[in-house]
Each structure stands twice: as structure tokens, then as C-alpha cells.
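Below is one structure, written out as C-alpha cells, with a few remarks after it.
The values are calculated or read from the model by the stated rules, or taken from the named source; none is laboratory data. Bear in mind that the values here come from a model prediction, so they are computed numbers and not experimental data. Methodologically, a virtual Cβ is constructed for each residue, glycine included, from the backbone with ideal geometry; neighbour enumeration extends over all protein chains shown. These accessible areas exclude ligands, DNA and RNA; they are computed on the full protein's heavy atoms, side chains included. Shrake-Rupley method; radii C 1.70, N 1.55, O 1.52, S 1.80 Å.
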Amino acid sequence: MEDQPDKPILKITGRTLLMCAVLLSGCAIKPKELTIQELDQQRQADLSRMFQDVAPVAHPLTLAEVVARALRHNLDHQVKMVEEAQALDLTRLDRFDLLPKLALNTAYSSRSNVAASSSQSITTGSQSLELSTSQDRDRVTRDLSFTWNILDFAVSYFNARQNANRHLIARERERKVVQNLIQEARSAYWRAAAAQQLGPRIKETIRIAEGALADARKAEASELRSPLESLQYRKILLENLRQLETMQQEMGTAQVELAAMMTLPPGSRFTLAVPDGPLQMPVWNTPLDKMEEMALLNQADMREMTLHGRIVLDESRKALLKLFPGITLSASRQRDSNSFTLNNDWYESGLRVTWNLLGLLSAPTQMTVNKTNEEVIGIKRLALSMALLSQVHVANRQFEQALLQLRRSDELFQVEKAIAKHVANRAEQEAQSVLDRISSDSTAILAELRRYNALALAQNALGKMMASTGQDPDVEPIHAGSLEELTIRVTKWLVNQGTTPPPRQAATPTPVAAAPKDVPMATVRSATMVRKGPGAHYKRVGVVMPGYPVNSLEVSPDGKWVRIDDGEWIFADQITKTQPRVEETKNPAAASPAEPATGEMLVVRSATYVRSGPSKRHKTVGGVRAGERVTVLETTPDGHWSRIGEERWISTDRMNGKR
């Protein structure tokens, strides 16, 4: 029987040619070079995305606000957060690998001729049947198969455990980034504060020194002095100029580095709210033996190494599992469109066991490798433990030395400040030369710069102590709520640490003596922002801490805001009204106190702000509580303001008689 050519062969040939054309076109693909337009579009998109969520700086930044902005917007921190989220997604994805496989298959086949066959007798060798077929030239087969390999399930289980531990490792790395970020933010803040406070003074001193140098050149040219005296004079001036310019160069990048840490646009200008008053020394009270224990239990690197040990142990178990036979259970629903088949639909089930017997030969070697891997991770853990213990002792010693240097630098600064003041006074009376004043100012500026640097080093050393012992900042959650709420949490944490002075003294209100009876008294329930007006859109002017007593002078029309002083409002829900004050004494002298004498000790009769100068235009530097005793050091000519400390003024009418 001859086979006759049929039309399907033309169809198959056409499909073959089409597939060949597609494959050949794939071979013709060439790499595409980057274009300037494409790179520029990507640059603009990246810059827009980089700064789109960063709040602009509208007021001087405190240390707490700098730390909060760094935690919220720093890109290195965001990278670690994304890596943690990625590891968590892999852990969730691994759950699906534990499920059996359920596959739907559909196949179509077409022949160019009939699948015919005959049979031959094995006895006589002659054809026993005529040519016949049992299969259609065009067929469609379908099946829905359920398969489950028990060995694959066990391996997937350990894979899921490993990825879960990798997610925990990513979390520990994020912890480490947060700790290092706070450490760097503290140090960068004080370096930028030094640049802000000393920059104008350095610039002015350089201007005076350059003028004196020009005068010295003229004097030398006119031969008013001996050549040696003129040269020595110029030498001292040049040395002072070089010292000043070196300081200026050191501080030149401080604000840029701080801006980058907070992810502010390049070239952003901002000011820092540098605390006034006495130097705030960092405090650390944890004993050394407790620090060692905390480091071995909580430090991020130690916890990461322990998690790596889990991964290595699971890897050993996976390797041993692969030596066992694989058992596959299957069940399926089948369908075949072949018209010669009696039953076109049927169910099928099976059990298959596969075992690589030659793989058993590697079992002893595999067990040795597993044991070696576990020993290696154990030795690494011991080495890390020793390194952490050494790091704790080194950090503790560095912190002690940093505090000592800070005290010495502060003492030297106070001495140089007093010397510079005396020299300036004598220069005004023309009893001191310009050279002496320049030298004195340069030395005083250098002493203050060293003081700021010592404070930055002390803060950095404190950060190392926290990182070495695995202490996390109590400011979570970092990315929940507004930046203002995060700043309040950071403020509380810094105040509790003793590394920054409290915006307000948090204490239980003391009984009030002799205050006006028509002014209600209230107590702050939780730390909250003070704003210039009754609304969240007004500028922030400070922070009040829990327990601080305030005066409820006025309530906004909507009842949501309370005025506690001129131009200072807080949210009404954050205060609790206390008992009415004691009635004011009828003594006219007490009701309207006379101008206090210098050195007189008075009692504060209502909580009030302490300002840096004798007017409400000066910035707030603290507060005093009702009933607190103060000593009047100076009074303004109009008697409205009294000085109670170095650059600390309060309103005279907030004080009562002697005690």
C-alpha cells in the first residue's frame, strides 16, 4: 500500500519555517548602548524619588530632630529595610514549595500520514495481519496530575527554615545600621554645631588678621620697624592665619556630611539649635561584667553568627536527606481524543521509588564535611565572642578617656574664653596690641573647637558602647506616624540617656505659692510640641515633657489648643487640669512685686520660660517650676526682666517675695 502525500505536510513545513525564522531573528540581537537622553531621564527620576518624601527644614534642628531625620530618610538604612522585606518575601514564597505539585497538561499532535502497522508471525515469519492503525492522525490529550515527592518535601522544609533564618539575619543587620546611624548622627551633629558656632568668629578673626598682615607689610616697606621685628611680627600673624584656615577647612564639610546623612538635597542650608548652658556630659552606668553579658546575648554580629550556625546545621541535614530514596506519589485524570480508544477518559495512580545506590558511597565523606562545617562555624563563634569581649573593654576605656578629654577641653575652653575677654577689653582701651588680640582669639576659638570635637568623640564613644552591647534605641517604630512623633520619641530616649538636656524639666509639680486665682493650672501628660499658634500648621518653638506644670491662659475657639505663654500653644488633649491655686495674698507688695535687689533670693510663683535675654524675642533655653527658688543677679532698668544665671532671664512679675 503506497502512502499518498497529504495537505498537513504543507502545514507542518510552514510551521517549521516560521520557527526557524524566529530563532534566526533571536541570533541577530545586538547590545544596545546607553544614550545621554536615557541616562538623563533616569537621573531626573532618581533625584525626584530621592527627595520626594523628605520634609524641608523650616526651623533650627535639635539633636533629636537630626537623629529622627537620619532614621527616617537615610538611604543606607532604607537599603537594609528593603533587604529585610526581600528576605521576608522569600520566606513566604518558600511555603508554596512545601505543597504537592498539581499540573494541568494539554497536548496536540498531528501526523502527515497514517500511523499504520502490521504483525509478523515468529513461527513462520509471514505477515499474520493486514496493515492497520489504532491512532488518529490528529490527537488531543489532556491530564490533570497530582504528584508529591516526599524527599523534595523534606528538602523544601529545610530550605524554608534556612530562608527564615536569613530573614532574621537581615533584621539583625538593620539593627546594626540603626545603631551605627545614631552614633554617626550624634558625632556629625556636634561637628556641624562647631562649624555653625565658630564659623563666623573664625571668618572675622581671619579678616582682622589679614588686615593686620597688610599693615605689617606696609610698615615693613616704610622701615618703621627693624627688619627682624617686622619679620617676626609677620611670622606670628601667618602662623595664626594658618591655624585659623586649618580650622575653617576642618569644619567646611561638616554641614554637608550631616545633610547627606539626613538625605537633604545637596546645597541645603539649615541651622542647628545648639543647647545653651553648662556642658552636658554623656552618662553610662552599666557595670563592665553586665556589658560583657549583654554583648554576648544581644550584639547584632553575635546573633547573626548564631543564625548562620542554624543555616549550616540545616544544610548538613539536607545533604544527608539526599542520600535516601525518593518516593513519589501520583494520581491523575487522563483524557485522549483518539477515536480508536475504547475509554477516552480514565483515572491513573502510581507509586515510584528512586534511589541512587552509588550515592551511598559518598555518605562517609558527606558526614565528615558536615562535621567540619559545624566545627568551623563553632570556632568562628568563639573568635567573635572573644572579639566582642575585647571590643566591650576597648569601648569602655575609650569612653572613659573621651570623658576625661571632654572635661579637660571644657576647662581649657573656660580659661581661654576668660583670657580672650580680658584681652579684648584691654584692646578696646588700647592697652593691648592687635597681634595679642588675634592670637588670643585664635587660641580661644581653637579651645572651643577642641571642646566640640571632644564632645563629638564622647558621643561617638557612647554610641560604640551601645553598639558593642547590642542596645537598641527605644524609638520604635521608626517608620510609623509622622516625623514629629518620631522626634518626640527620640527626645524622650535621649533625655533618659542623659546625653541631651531636657527641653523642659520633667518633674512632679510642686505646690504653688501665692499665684493669681483666675489663672487655671495644668500638667503635661505626655511629651508634646509647643507651637507659635493654635494649630499644627504653626511653627514649632519647643517641646514640653511629661509632668511639667503649665498655665492655661487661653483656649482656642475650637477647644483643641491651649495657650501656655505669649505665642506658645500646646494641644489640649496633652494636658490635665490640676487643683486651683492658692488665692493670691492681699498684700499689695506681693501682688505687684517691687523691683528686686541684686543678690535677692525670690520664689517663682508660676511656671515660666527661661530665655537667653531680657525679652520675649530671645529664644527659650529652659523653664522654672512654680515654687522654685532663684537668685536675682541683675535686673533690667525697667524692672520687667531679671537675670538668674549666665544668659538666663525670666519675667520679674513671675516671682514672689523672699524665702
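The calculated FRET efficiency for the pair ARG629 and GLU229, based on their C-beta separation and a Förster distance of 56 Å, comes to about 0.45.
Of the accessible area of the range 234-331, computed with a 1.4 Å probe over protein heavy atoms only, carbon and sulfur atoms account for 57 percent. The peptide list 253-259, 486-492, 638-644, 554-560, put in order of mean Cβ contacts within 10 Å with the highest first, becomes 486-492, 253-259, 638-644, 554-560.
Net length available on complete extension from GLN42 to ARG381 is 117.6 nm, with 0.36 nm assigned per residue and the Cα-Cα distance removed. Over the range 266-319, the fraction of Cα-Cα pairs per 5 Å bin, rounded to whole percents and listed from the shortest bin up, is 4, 12, 10, 10, 9, 9, 11, 12, 9, 5, 4, 3, 1, 0. In plain terms, if you count all Cα to Cα distances in the range 20-165 and split them into 5 Å steps from zero, the share in each step is 2, 6, 6, 6, 6, 7, 8, 10, 10, 9, 7, 5, 4, 3, 2, 2, 2, 1, 1, 1, 0, 0 percent. Heavy-atom accessible surface of the range 29-74, averaged per residue, reaches 70 Å², computed with a 1.4 Å probe. The simple spin-label model puts a point 7 Å past each Cα toward its Cβ; for LEU358 and GLU250 those points are separated by 7.1 nm. Between ASP436 and ARG317, full extension at 0.36 nm per residue minus the direct alpha carbon distance yields a gain of 35.0 nm.
When peptides 66-77, 260-271, 451-462 are sorted by average Cβ neighbour count within 10 Å, with the highest value leading, the order is 451-462, 66-77, 260-271. Volume per residue for the range 316-467 equals 286 cubic angstrom (convex hull of Cα atoms). Cross-link pairs exceeding 23 Å in C-alpha to C-alpha distance, out of LYS203/LYS464; LYS532/LYS616; LYS176/LYS380; LYS539/LYS619, comprise LYS203/LYS464.
Using the Kirkwood radius built from alpha carbon pairs, what does the Stokes-Einstein equation give as D for the range 229-373 at 4 °C and 1.567 mPa s, in µm² per second? Taking Rh from Cα pairs, D becomes 50 µm²/s.
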